[in-house]
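Peer 1: What follows is a structure written as structure tokens; I'll ask about it next.
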There are 4 protein chains.
Amino acid sequence: MRVAIVGCGLIGGKRAKSIAALGHTVAGTADAVPERAAQLAKAYPGCAASAGWRELVARADIDAVVVATINDALAAITLGAVRAGKHVLVEKPAARSADELRPVAAAAKGAGVTVRVGFNHRFHPALRKARELVDAGACGPMMFVRGRYGHGGRVGYDREWRADPTLAGGGELLDQGVHLIDLTRWFLGDVASVSGFAGTFFWDMPAEDNGFVCLHHAGGQVGWLHASCSEWKNLFCLEIYGRTGKLQIDGLGGSYGVERLAYYRMLPQMGPPETTIWEYPGEDTSWNAEFRDFENAIAGTTGTGATLTDAIAALDVVAAVYQQSDRAKRAA
Amino acid sequence: MRVAIVGCGLIGGKRAKSIAALGHTVAGTADAVPERAAQLAKAYPGCAASAGWRELVARADIDAVVVATINDALAAITLGAVRAGKHVLVEKPAARSADELRPVAAAAKGAGVTVRVGFNHRFHPALRKARELVDAGACGPMMFVRGRYGHGGRVGYDREWRADPTLAGGGELLDQGVHLIDLTRWFLGDVASVSGFAGTFFWDMPAEDNGFVCLHHAGGQVGWLHASCSEWKNLFCLEIYGRTGKLQIDGLGGSYGVERLAYYRMLPQMGPPETTIWEYPGEDTSWNAEFRDFENAIAGTTGTGATLTDAIAALDVVAAVYQQSDRAKRAA
Amino acid sequence: MRVAIVGCGLIGGKRAKSIAALGHTVAGTADAVPERAAQLAKAYPGCAASAGWRELVARADIDAVVVATINDALAAITLGAVRAGKHVLVEKPAARSADELRPVAAAAKGAGVTVRVGFNHRFHPALRKARELVDAGACGPMMFVRGRYGHGGRVGYDREWRADPTLAGGGELLDQGVHLIDLTRWFLGDVASVSGFAGTFFWDMPAEDNGFVCLHHAGGQVGWLHASCSEWKNLFCLEIYGRTGKLQIDGLGGSYGVERLAYYRMLPQMGPPETTIWEYPGEDTSWNAEFRDFENAIAGTTGTGATLTDAIAALDVVAAVYQQSDRAKRAA
Amino acid sequence: MRVAIVGCGLIGGKRAKSIAALGHTVAGTADAVPERAAQLAKAYPGCAASAGWRELVARADIDAVVVATINDALAAITLGAVRAGKHVLVEKPAARSADELRPVAAAAKGAGVTVRVGFNHRFHPALRKARELVDAGACGPMMFVRGRYGHGGRVGYDREWRADPTLAGGGELLDQGVHLIDLTRWFLGDVASVSGFAGTFFWDMPAEDNGFVCLHHAGGQVGWLHASCSEWKNLFCLEIYGRTGKLQIDGLGGSYGVERLAYYRMLPQMGPPETTIWEYPGEDTSWNAEFRDFENAIAGTTGTGATLTDAIAALDVVAAVYQQSDRAKRAA
């Protein structure tokens, strides 16, 4: 497959590396900062930087496009690529809002191309293993999910693009919270109703730095989620409860700590559960696994990657929380 | 001090032991099951079992009464003891509801006696240390609190008194959740508004087995709390966030794991926080500390023990969640 | 099976409980303190206390004897029971020395009875699982074992019988160290040579409070063991290394922490190993498992329980360390 | 200070960075591979690469030399630099053997220059804090130290220079074990006698891959140390026991896990100790701290850095273990 990269920052670079590692060709690059496109292109033989993303996605020799820009450009570039008949892997959250994303989904359907959204946490080994266990019935019917995800920012974080709702579409809830929402939907299914609160507690910025979300799922389950960028020690934790067992995922590697999955299996006599823990101290393999899944999706196999429908559903949750918070603020 | 025990179960026995250890006299006992009162009385020289709590609290030689019955009798016995001019230490939640408790508070005020409510978690060493750190400004102004508390029940749990709202006044939210609510108020102050959900996911009982609560405090802080008796591995975790640091308390000893407090202090350059952890592997000292605080309160020193005002506030939160959940169920 | 208990202290009581739980009859008791024998007998219907162990082991209705006295009487009572034609489960270390134990082994062989030695750590779930993994080749050929075991004593520990070499036969190396030696032999096989040091660092007693042992096994493996009763935080840790993996057992429950087994499997590309951890938070099941194994041994099935040969081998190691330490002290 | 770097590999590069960060000048470089010297020089303005180390250490404008080559050249270059009147910071173990190092110490004494040996673990924050606690009497008089240090190598490890005793001077005991020996001496003082064993269990190489050492210190304390490069999960653990407390250091950052120090303080009533833990999740600051200490040593302040006397003592221990192992092999 010949793949183009639009957006040549940290994530674009990781995607390129993964694409090459899987035997595909990094065929072209584009970036709002031309030097970055040129520099990434240099690392891959035969890869050419384009002056703009429009020219790049129009190239006939390109099969698929990775869109890894900041949020405000994700939807437009994805739409352009789709209209040019390309398959697209667009980074999460795929758009600043669900409203921005709905036309993309319609266009993709019309064009018959495959679009996947880079909710790469689904491809972390602890989460893949959790999914397997749930699918195998290891926890029984689902009851609820608790999620906590956060980091502590860095000096000047409130001056970065993520602090600007015009560029980012929202704050912490849209940035890390959307992963929790996507993962919870992945385990608990469709969301029936939402309540929540997005507030700015610490940083000097218009975007929220904390998002609290309670999801009521169609099957009666509850998702209870909190994302924070005033989480002083980096943290990722997802707890998944079924009628006969619990799964707990901690860590994502690096500063989030070693990734691990604990499985607590209830015994007929109840009391302390049977406990098995898997740790994943190795390299982050989620990028390769996700791209492989994207390939398979293009080939027609439904895999585990998030679709535009998934992304729209997650963004709808975010929008609902924002509306409730605004209403609450106006009322106060 | 000469102390009477009403309710001679597990907790009544612990209170008696602690009273004697502190040099006071366990002077009388009463229990709905007379044999239990007699058996506890036998363990303390000069201690007599009364036929009923009314006779016991009327005894002229009694200075203070510990009320450790099941929930449906807590308020009435406390009221009786207060009217008899006794100081009272009543186990949490002190009543089945705030409405049941308000007349007790009025009577106590009128009688000029001291009433404290046994929210003993305030006296666990990790929580006392956390409180000291917060009071010393170690975390800066408070932002939010996350709390998770739960156990996995036991075979037949849904046939015990805690499963019967008539006896218990509620379910898990009232049982363990009320501790989280009390502790959160202790750190964040008065509650301005509440949203939440109480649901029954696992057990075959009318009472809820899971309570989810979002508190908005008067100072703008948020409490984000979940209590569960389908928490398959016993868990207690309270995370307290200020502008310059985080405190995390895990465990309560025994099956909840070793109690520990972690203090994450943000550095000017941000990044990984300075981290100090205290572990408390020893015996549970909360009972003695709480009773000592009760003595001091009688002597006129405001301590850390919960008052009837605190208990009413916590029960008001529970009632608000129950109302919202009922409304949601009727709407659905 | 009708079983007699000689030595009715803490361990004798645990054995009785386990025997009854497995459907056998606790038929008689004896203890140097007659009241203890009487009290234990009272708990089991039809069980009678004898005036002395000699009368008890002579009773025709007794099939097997549990010997759970302090160390100075273990060998003599076991010998007496064996000569009376009884099967015996004798607590570790089975004697004060290998020399004391050799005649017992000879007599047992002559009498055709089964004797097992209560090295109950072999029956802890983490160790059983470790054994299964090693037997299944999960770690490849064995290379070395590291063991650390210890506790911090208690006030007056140096005035207890364990501090008196005449009663105990030795100190910490004989008490907890012998477990490490037995477990290491269980995984690495026969010991070819020993070096080590037993010293008294903290306690005011003639027995050693720390034993350091290096075992060279017949197959070239090394055991590297340390036992201590000035180990301020209770600790049990056994690390087992094979050419393709490592097993680590931590904890024994209670004050030693939750028992757990970690399995680190080397991958062909090396780097961080594949990691799986099992935790055993439940009740201590080793006593029942060990007695079941004793039953099976009587019935002719070779199980995992330690034999007199195993105990003699472990005591030979202890004796070798004591000799080297004495020689070193005389030389100094 | 104007500093020259001899040996421009990974460690030489780290030293250069640290020197510049502290406000000194990286004035010259040399390496057996001239390209490496040139490349490192390029990174520092005004820094020139020399054709060989002899020319570099002879330069009049150089105040101090960092020697960061592989082991076979450490002693000779240090000697040359000392004779040229330069202060030297030489990486551990400073030589292939104590015999190689003694003339260097004599020359340094004669030349009146300062030499420090890069046992940088002394400068890790957990170890510095441990040292402060011990110096403040927090653990009482020292009793013994247990140390475990190891890694799992990598594919082809037995073909690297560390596998060749001619280049390295020894194997794992000299490589990582020497850190344990140095740290133990730092806490327990002079070594009076040594026993130990160096063996090759896994790797196909003449050098040992495991070293087991028992140190008897002049004050009666014991050091019980094991270093391994068939330690499948990277591990660093040092446990320091005094009469009234224990310190445990785990981790060194990176693949060795977060560095942490636990302090267990015994209470008069004994039982579970008072427990305080410090974690050091940040960047490795040992390099800067060690160089600062080197500066202070040059200025005449005795600091915590290791001297040639310390290195000779540690290498003497290694040599003693090698002799005993050779003798044992010949005897077998």
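The values are calculated or read from the model by the stated rules, or taken from the named source; none is laboratory data. This one's a predicted model, so the numbers in the text were calculated from it and none came from an experiment. Quick reminder, even Gly has a Cβ in these numbers, built from the backbone with ideal geometry, and neighbours come from all protein chains shown.
Let's see how each residue does on (1) under 21 Å from the mean Cα position of the chain (by Cα); (2) not assigned by TED's automatic domain parsing to the domain that holds residue D:243:
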position: D:98; (1), (2): yes, yes
position: D:101; (1), (2): yes, yes
position: D:154; (1), (2): no, no
position: D:165; (1), (2): yes, no
position: D:173; (1), (2): yes, no
position: D:185; (1), (2): yes, no
position: D:188; (1), (2): yes, no
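Peer 1: For segment A:265-293, give me the residue count where each residue is of a type outside the set (Lys, Arg) and more than 9 Å from chain C (Cβ to nearest Cβ).
Peer 2: Count: 13.
Peer 1: Mind listing just one residue for me: the one in segment B:246-265 that is on the phi > 0 side of the Ramachandran plot and in contact with a Phe, Trp or Tyr (Cβ under 9 Å, 6 or more places away or on another chain) and, of those, surrounded by the most Cβ atoms within 10 Å (Cβ to Cβ)?
Peer 2: Across segment B:246-265, the extreme among qualifying residues is B:251.
Peer 1: Criterion first (among the basic types (Lys, Arg) and either touching a residue at least 12 places away in the same chain (Cβ under 8 Å) or more than 25 Å from residue C:171 (Cβ to Cβ) (or both)) does residue C:116 satisfy it?
Peer 2: Considered against the rule, which asks whether it is among the basic types (Lys, Arg) and either touching a residue at least 12 places away in the same chain (Cβ under 8 Å) or more than 25 Å from residue C:171 (Cβ to Cβ) (or both), residue C:116 comes out as yes.
Peer 1: So residue C:314 passes all but one of these: (1) of a type outside the set (Ser, Thr, Tyr); (2) part of a helix (DSSP H, G or I); (3) within 30 Å of residue C:20 (Cβ to Cβ); (4) at pLDDT below 95. Which condition number does it fail?
Peer 2: Going through (1) of a type outside the set (Ser, Thr, Tyr); (2) part of a helix (DSSP H, G or I); (3) within 30 Å of residue C:20 (Cβ to Cβ); (4) at pLDDT below 95 one by one, residue C:314 breaks only (4).
Peer 1: Additional query: Find all pairs meeting these conditions: Cβ atoms under 7 angstrom apart; at least six residues apart or on different chains; first residue within segment A:27-46 and closer than 15 Å to residue A:10 by Cα; second residue modelled with pLDDT of 95 or more and charged (D, E, K, R).
Peer 2: Going by the 7 Å Cβ cut-off, the qualifying pairs are A:37/A:31.
Peer 1: State all residues of segment A:224-245 that are farther than 15 Å from residue A:177 by Cβ, facing another protein chain (nearest Cβ under 8 Å) and buried (at least 24 other Cβ atoms within 10 Å of the Cβ); if no residue qualifies, say none.
Peer 2: Of everything in segment A:224-245, those that are farther than 15 Å from residue A:177 by Cβ, facing another protein chain (nearest Cβ under 8 Å) and buried (at least 24 other Cβ atoms within 10 Å of the Cβ) turn out to be A:232, A:241.
Peer 1: Regarding segment C:237-258, can at least one residue be identified that is under 30 Å from residue D:218 (Cβ atoms) and touching a Lys or Arg at 6+ places or on another chain (Cβ under 6 Å)?
Peer 2: yes
Peer 1: Moving on to the next point. Which residue is surrounded by the most Cβ atoms within 10 Å (Cβ to Cβ), if the candidates are limited to segment C:200-223 and must be out of contact with any helix residue (DSSP H, G or I) (no Cβ under 8 Å at 6 or more places or on another chain) and among the small types (Gly, Ala, Ser)?
Peer 2: Among them, the one singled out is C:220.
Peer 1: While we're looking at this one, here's another question. Filter segment B:45-103 down to residues that are of a type in the set (Ser, Thr, Tyr) and under 14 Å from residue B:31 (Cβ atoms), then give me how many there are.
Peer 2: Adding up the residues that qualify gives 2.
Peer 1: How about segment C:251-290: which of its residues are among the hydrophobic types (A, V, I, L, M, F, W, C), over 18 Å from residue C:129 (Cα atoms) and in contact with a strand residue (DSSP E or B) (Cβ under 7 Å, 6 or more places away or on another chain)?
Peer 2: Those that are among the hydrophobic types (A, V, I, L, M, F, W, C), over 18 Å from residue C:129 (Cα atoms) and in contact with a strand residue (DSSP E or B) (Cβ under 7 Å, 6 or more places away or on another chain): C:266, C:267.
Peer 1: Here is a further query. Which of the residues that make up segment A:101-132 are of a type in the set (A, V, I, L, M) and crowded, with 19+ Cβ neighbours inside 10 Å?
Peer 2: If the condition is that a residue be of a type in the set (A, V, I, L, M) and crowded, with 19+ Cβ neighbours inside 10 Å, then A:101, A:104, A:105, A:108, A:113, A:115, A:117, A:126, A:127, A:130 are the ones that fit.
Peer 1: Okay, moving on. What helices (runs of 4 or more DSSP H) completely inside segment B:1-96 contain at least 3 residues that are at pLDDT 95 or above and farther than 21 Å from residue B:315 by Cβ?
Peer 2: Ranges flagged: B:10-21, B:34-42, B:53-58.
Peer 1: For segment A:206-219, give me each residue that is within 8 Å of chain B (Cβ to nearest Cβ) and either outside any strand (DSSP E or B) or in contact with a Leu (Cβ under 9 Å, 6 or more places away or on another chain) (or both).
Peer 2: Across segment A:206-219, the qualifying residues are A:210, A:212, A:214.
Peer 1: Within 14 Å of another protein chain (Cβ to nearest Cβ), buried (at least 18 other Cβ atoms within 10 Å of the Cβ) and either outside any loop (DSSP other than H, G, I, E, B) or in contact (Cβ under 8 Å) with a residue 40 or more places away in the chain (or both), is that true of residue D:322?
Peer 2: Criteria not met by residue D:322.
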